[in-house]
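Undergrad: Below is the structure I would like to discuss, written out as structure tokens.
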Ligand SMILES: [Zn+2]
């Protein structure tokens, strides 16, 4: 059984997720947005108090608000960073624009492993399936768990909205196609955990999301 913990970090109110297998206590950290020391401590407090063994660092995509804590997590837990190859340029570009966004202390971290469409990322006795859902960012992925019917979907689909597509590498038609072809083919009761704001379900967004009317 996988347990999901959400933290909301940094001025962008970005959702950072810690998923762990309740039997083995293996954990993965997805999109660590922690920047301030207090945020790092909050994340570490959860991990240490639950005796979790962090095995991987995963990014849904590499916009600044999702990667601010990458270097700290890699160093603190000695783990590798997994991103999709098509978002490595997005990751590399952060260093150049971070000071302009007010993050002068941003420490860059290199990707170590590539995430590929359809691959399974092991998590204890369980696994997460990688879905390639570009549009908000060129190498955006989501992590789907069919058994427990949830999807960590980053900034692709939001509760009542969708990710912006005006940033470099963004494309509206590609995003809509990703949502309709990949996410909307998941079961309606799949819980969708978003990069910002509250979670939702596939069924709810199919019915009410104004950007995705079929
Ligand atoms: Zn983003």
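All of the numbers you see were taken from the coordinates with simple rules; none came from a lab. Predicted model, so just to flag it, every value in this text is computed and none were measured. Neighbour counts are summed over all protein chains in view; Cβ atoms, including those assigned to glycine, are modelled from backbone coordinates with ideal geometry.
Undergrad: Say R0 is 25 Å: what FRET efficiency, to the nearest 0.05, do residue 107 and residue 45 get from their beta-carbon distance?
TA: 0.75
Undergrad: Would you mind telling me the antiparallel percentage of the DSSP bridges in the chain, rounded to 5?
TA: 70
Undergrad: Let me ask something else about it. Quick check: Cα centre of the range 95-117 to Cα centre of the range 171-208, how many Å?
TA: Answer, in whole Å: 26.
Undergrad: Please list, in order, the residues from the range 168-204 whose amide nitrogen is less than 15 Å from a point placed 7 Å along the Cα→Cβ vector of residue 149.
TA: The answer is 184-193, 200-204.
Undergrad: Fewest Cβ neighbours within 10 Å first, please rank 140, 20, 50 accordingly.
TA: Going from sparsest to densest Cβ surroundings: 50, 20, 140.
Undergrad: Which shape class applies to the range 71-164: rounded if a/c is under 1.5, otherwise prolate when a/b exceeds b/c and oblate if not, where a ≥ b ≥ c are the square roots of the Cα gyration tensor eigenvalues?
TA: oblate
Undergrad: How do 178, 24, 49 rank when sorted from fewest to most other Cβ atoms within 10 Å of their own Cβ?
TA: 49, 24, 178
Undergrad: Taking the Cα atoms of the range 2-208, what is the range of coordinates along each of the three principal axes, in descending order and whole Å?
TA: 43, 41, 27
Undergrad: Stretch residue 116-residue 206 to full length: gain in nm at 0.36 nm per residue minus the Cα-Cα span? Walk me through the intermediate numbers first.
TA: Details: separation 90, 0.36 × 90 = 32.40 nm, distance 2.60 nm.
This chain segment gains 29.8 nm when fully extended.
Undergrad: When only Cα pairs under 8 Å and 6 or more residues apart are kept, what is the percent relative contact order across the range 70-154?
TA: The value is 25 percent.
Undergrad: Mind telling me which of 157, 68, 19 comes out most flexible in a GNM of the chain, alpha-carbon contacts under 10 Å?
TA: Top of the fluctuation ranking is 19.
Undergrad: Residues of the range 131-149 with amide nitrogen under 11 Å from the 7 Å Cα-to-Cβ point of residue 177?
TA: The answer is 134-135.
Undergrad: For the chain, what does the helix formula give at 222 nm: sum of -39500 (n - 2.57) over DSSP H segments with n ≥ 4, over the residue count, nearest 500 deg cm²/dmol?
TA: After summing the helix terms and dividing by residue count, I get -7000 deg cm²/dmol.
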